[in-house]
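Presented below is the structure to which this report refers.
The values are calculated or read from the model by the stated rules, or taken from the named source; none is laboratory data. Everything numeric in this text was worked out from a predicted model, so none of it was measured. As a convention, Cβ positions derive from the backbone with ideal geometry for all residues, glycine included, and neighbour counts pool all protein chains shown. When the accessible area is computed, the model is the full protein with side chains, heavy atoms only, and any ligands, DNA or RNA have been set aside. Shrake-Rupley method; radii C 1.70, N 1.55, O 1.52, S 1.80 Å.
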Amino acid sequence: MKYTILTLSSLLFFTGCMTQDPTPVQKPIVSEKKETEVKKPKAKRTPPPPAPKKEVELKEVEDTNYNDAYMYPQAPEEKIVQPASVPIASNGSMGKEACVAMISQEKFDKYTAMFGSEAASIKRCDMIKAMNQ
């Protein structure tokens, strides 16, 4: 029994180690001339339609309803009224100097650009101060 198991396992081992490449099959060589010699059926071409028998005369058109004001209207110029500047002092306890002292001038300018006014930046400083307390 020992020899049978040993023999079978060695046979399996040597069978796995053998090359398993099949012999290459040679494909028949097809010449390129034969491929190009194959004729494709031509599509039927239909003749163009005949020319019209009746002669058409073009009419002269006058555009009397053309109006520059209608075609190119002038938009009324609207005057943009700048609102009065928002007061810098906020309702709270902090002013611009105190806010700049608490945060740097760079951050104050950044908040002013983000929020659109110095009053909004001061409100932001008030919120930061309230969060820190």
> Is there any pair with a first residue in region 114-133 that is surrounded by 15 or more Cβ atoms within 10 Å (Cβ to Cβ) and a second that is assigned to a helix (DSSP H, G or I) and of a type in the set (A, V, I, L, M, F, W, C) whose Cβ atoms are under 7 Å apart and which are 6 or more apart or on different chains, and what are they?
Replying inline: S121/C99; S121/F108; S121/F115; I122/C99; R124/F115; C125/C99; C125/M102; K129/M102
>> Any residue at all in region 93-113 that's open to solvent by 100 Å² or more (accessible area, probe 1.4 Å), part of a loop (DSSP other than H, G, I, E, B) and modelled with pLDDT of 70 or more?
In response: no
